[in-house]
Amino acid sequence: TYPPDVLTTQQSPPLTSDEFGNMFQGSTQVTRDNAGELLYTYSNYEADSADPSRYDFSPDATAPPTGVFGRRILVVPIGDCSSTINGQGTVPVLGYGCFFLLQEAEQKGNESSIYGEFSRGCRVSGTAGPTPGAGPGPYLIQLYDDPDSRDS
(Lines give C-alpha, C1' and ligand atoms only; values in the text may rest on other atoms or scores of the structure.)
Protein backbone atom coordinates (compact mmCIF):
# COMPACT_ATOMS: atom_id res chain seq x y z
CA THR A 1 0.00 0.00 0.00
CA TYR A 2 2.84 2.39 0.85
CA PRO A 3 5.82 1.87 -1.45
CA PRO A 4 9.30 3.00 -0.36
CA ASP A 5 11.16 5.98 -1.71
CA VAL A 6 13.07 5.47 -4.96
CA LEU A 7 16.26 6.09 -2.95
CA THR A 8 16.76 4.07 0.21
CA THR A 9 20.45 4.79 0.81
CA GLN A 10 21.05 5.05 4.54
CA GLN A 11 23.91 5.77 6.89
CA SER A 12 26.49 3.01 7.09
CA PRO A 13 27.07 2.27 9.88
CA PRO A 14 23.72 3.54 11.24
CA LEU A 15 23.50 6.64 13.39
CA THR A 16 23.17 6.32 17.14
CA SER A 17 23.20 8.78 20.03
CA ASP A 18 24.33 8.69 23.63
CA GLU A 19 22.55 9.81 26.79
CA PHE A 20 23.87 13.37 26.28
CA GLY A 21 22.40 13.72 22.79
CA ASN A 22 25.73 13.34 20.96
CA MET A 23 25.31 11.63 17.59
CA PHE A 24 27.67 8.91 16.33
CA GLN A 25 28.20 7.01 13.11
CA GLY A 26 29.94 3.87 14.33
CA SER A 27 32.55 5.13 16.81
CA THR A 28 32.96 8.54 15.10
CA GLN A 29 31.10 11.45 16.65
CA VAL A 30 29.10 13.44 14.10
CA THR A 31 29.66 17.17 14.51
CA ARG A 32 28.74 20.23 12.50
CA ASP A 33 32.27 20.20 11.04
CA ASN A 34 32.30 16.59 9.78
CA ALA A 35 28.60 15.90 9.09
CA GLY A 36 28.93 16.60 5.35
CA GLU A 37 31.73 14.03 5.06
CA LEU A 38 29.99 11.32 7.08
CA LEU A 39 26.30 11.50 6.29
CA TYR A 40 24.05 10.82 3.32
CA THR A 41 22.35 14.23 3.40
CA TYR A 42 19.50 15.96 1.63
CA SER A 43 22.02 17.38 -0.87
CA ASN A 44 23.10 13.82 -1.77
CA TYR A 45 19.45 12.81 -2.04
CA GLU A 46 18.65 15.70 -4.41
CA ALA A 47 21.61 14.82 -6.66
CA ASP A 48 20.75 11.10 -6.68
CA SER A 49 17.07 11.85 -7.42
CA ALA A 50 18.13 13.39 -10.72
CA ASP A 51 19.96 10.20 -11.77
CA PRO A 52 17.64 7.23 -12.54
CA SER A 53 20.57 4.80 -12.40
CA ARG A 54 20.75 5.53 -8.63
CA TYR A 55 17.14 4.44 -7.91
CA ASP A 56 17.07 1.50 -5.54
CA PHE A 57 13.84 -0.02 -6.83
CA SER A 58 14.31 0.29 -10.58
CA PRO A 59 15.08 -3.00 -12.36
CA ASP A 60 17.27 -1.06 -14.79
CA ALA A 61 18.02 2.55 -15.63
CA THR A 62 15.40 2.65 -18.42
CA ALA A 63 12.45 1.29 -16.42
CA PRO A 64 10.39 3.56 -14.17
CA PRO A 65 11.10 3.10 -10.46
CA THR A 66 8.71 1.03 -8.38
CA GLY A 67 9.26 3.37 -5.42
CA VAL A 68 7.84 6.86 -4.99
CA PHE A 69 9.72 10.16 -5.03
CA GLY A 70 9.86 12.21 -1.84
CA ARG A 71 8.83 9.52 0.66
CA ARG A 72 11.75 10.46 2.94
CA ILE A 73 10.79 14.13 3.13
CA LEU A 74 8.26 15.13 5.77
CA VAL A 75 6.59 18.42 6.53
CA VAL A 76 6.66 18.72 10.30
CA PRO A 77 5.07 21.31 12.56
CA ILE A 78 7.43 23.36 14.71
CA GLY A 79 5.88 24.33 18.02
CA ASP A 80 6.66 26.11 21.27
CA CYS A 81 6.60 23.42 23.97
CA SER A 82 7.75 25.73 26.78
CA SER A 83 4.26 25.91 28.32
CA THR A 84 3.69 22.13 28.54
CA ILE A 85 3.79 20.33 31.87
CA ASN A 86 5.04 16.74 31.84
CA GLY A 87 4.59 16.67 28.07
CA GLN A 88 0.95 17.75 28.24
CA GLY A 89 -0.72 20.96 27.21
CA THR A 90 -1.43 23.12 24.21
CA VAL A 91 1.47 23.65 21.84
CA PRO A 92 1.21 26.70 19.58
CA VAL A 93 2.42 25.96 16.04
CA LEU A 94 5.09 28.47 15.00
CA GLY A 95 5.50 27.17 11.47
CA TYR A 96 6.41 24.14 9.40
CA GLY A 97 9.73 22.73 8.26
CA CYS A 98 10.95 20.19 5.72
CA PHE A 99 12.60 17.22 7.44
CA PHE A 100 14.65 14.67 5.47
CA LEU A 101 14.88 11.22 7.07
CA LEU A 102 18.53 10.11 7.15
CA GLN A 103 17.70 6.49 7.99
CA GLU A 104 14.82 4.22 8.98
CA ALA A 105 13.40 4.79 12.45
CA GLU A 106 14.03 1.87 14.76
CA GLN A 107 11.67 0.88 17.54
CA LYS A 108 13.32 -0.70 20.58
CA GLY A 109 10.71 -1.50 23.20
CA ASN A 110 9.50 1.84 24.51
CA GLU A 111 12.36 3.75 22.85
CA SER A 112 12.74 4.95 19.30
CA SER A 113 15.01 7.38 17.51
CA ILE A 114 14.46 9.34 14.34
CA TYR A 115 17.46 10.89 12.63
CA GLY A 116 16.95 13.59 10.07
CA GLU A 117 17.99 16.91 8.67
CA PHE A 118 15.97 20.10 8.30
CA SER A 119 16.26 21.32 4.72
CA ARG A 120 15.58 24.59 2.96
CA GLY A 121 13.62 24.90 -0.23
CA CYS A 122 12.58 21.28 -0.47
CA ARG A 123 9.66 20.46 -2.71
CA VAL A 124 6.89 18.69 -0.84
CA SER A 125 3.83 17.19 -2.42
CA GLY A 126 1.20 14.92 -1.02
CA THR A 127 -2.42 14.01 -0.82
CA ALA A 128 -5.10 14.49 1.75
CA GLY A 129 -5.23 12.02 4.63
CA PRO A 130 -7.46 8.94 4.66
CA THR A 131 -10.42 10.84 6.12
CA PRO A 132 -10.07 14.55 5.27
CA GLY A 133 -12.02 16.77 7.58
CA ALA A 134 -12.53 14.02 10.20
CA GLY A 135 -10.18 15.58 12.72
CA PRO A 136 -7.61 18.27 13.29
CA GLY A 137 -5.31 18.78 10.34
CA PRO A 138 -3.42 19.63 8.42
CA TYR A 139 -3.52 16.56 6.21
CA LEU A 140 -1.85 18.32 3.30
CA ILE A 141 0.33 21.35 3.77
CA GLN A 142 0.58 23.53 0.67
CA LEU A 143 3.85 25.45 0.63
CA TYR A 144 3.85 28.77 -1.18
CA ASP A 145 6.93 27.94 -3.28
CA ASP A 146 6.00 24.43 -4.46
CA PRO A 147 6.81 24.13 -8.19
CA ASP A 148 4.85 20.85 -8.35
CA SER A 149 1.58 22.56 -7.47
CA ARG A 150 -0.64 24.77 -9.57
CA ASP A 151 -1.87 26.41 -6.34
CA SER A 152 1.41 28.16 -5.47
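The values are calculated or read from the model by the stated rules, or taken from the named source; none is laboratory data. Everything quoted here is computed from the prediction, not taken from an experiment. Note that each Cβ is placed from the backbone with ideal geometry, even for glycine, and that neighbours are counted across all protein chains shown.
Side notes on the structure shown:
For every residue, the table says whether it meets (1) over 9 Å from the mean Cα position of the chain (by Cα); (2) closer than 27 Å to Leu38 by Cα.
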site: Leu74; (1), (2): no, yes
site: Gly79; (1), (2): yes, no
site: Thr84; (1), (2): yes, no
site: Gln88; (1), (2): yes, no
site: Leu94; (1), (2): yes, no
site: Leu101; (1), (2): no, yes
site: Glu111; (1), (2): yes, yes
site: Phe118; (1), (2): no, yes
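- Selection of strands (runs of 3 or more DSSP E) fully inside the stretch 1-109 by the criterion of at least 2 residues being without any contact (Cβ under 8 Å) to a residue 12 or more places away in the chain returns 28-30, 106-108.
- Unmet criterion (only one of (1) modelled with pLDDT of 85 or more; (2) closer than 26 Å to Ser17 by Cα) for Ser83: (2)
- Filtered residues of the stretch 18-55 (kept if modelled with pLDDT under 90, more than 18 Å from Phe100 (Cα to Cα) and of a type in the set (Gly, Ala, Ser)): Gly21, Ser53
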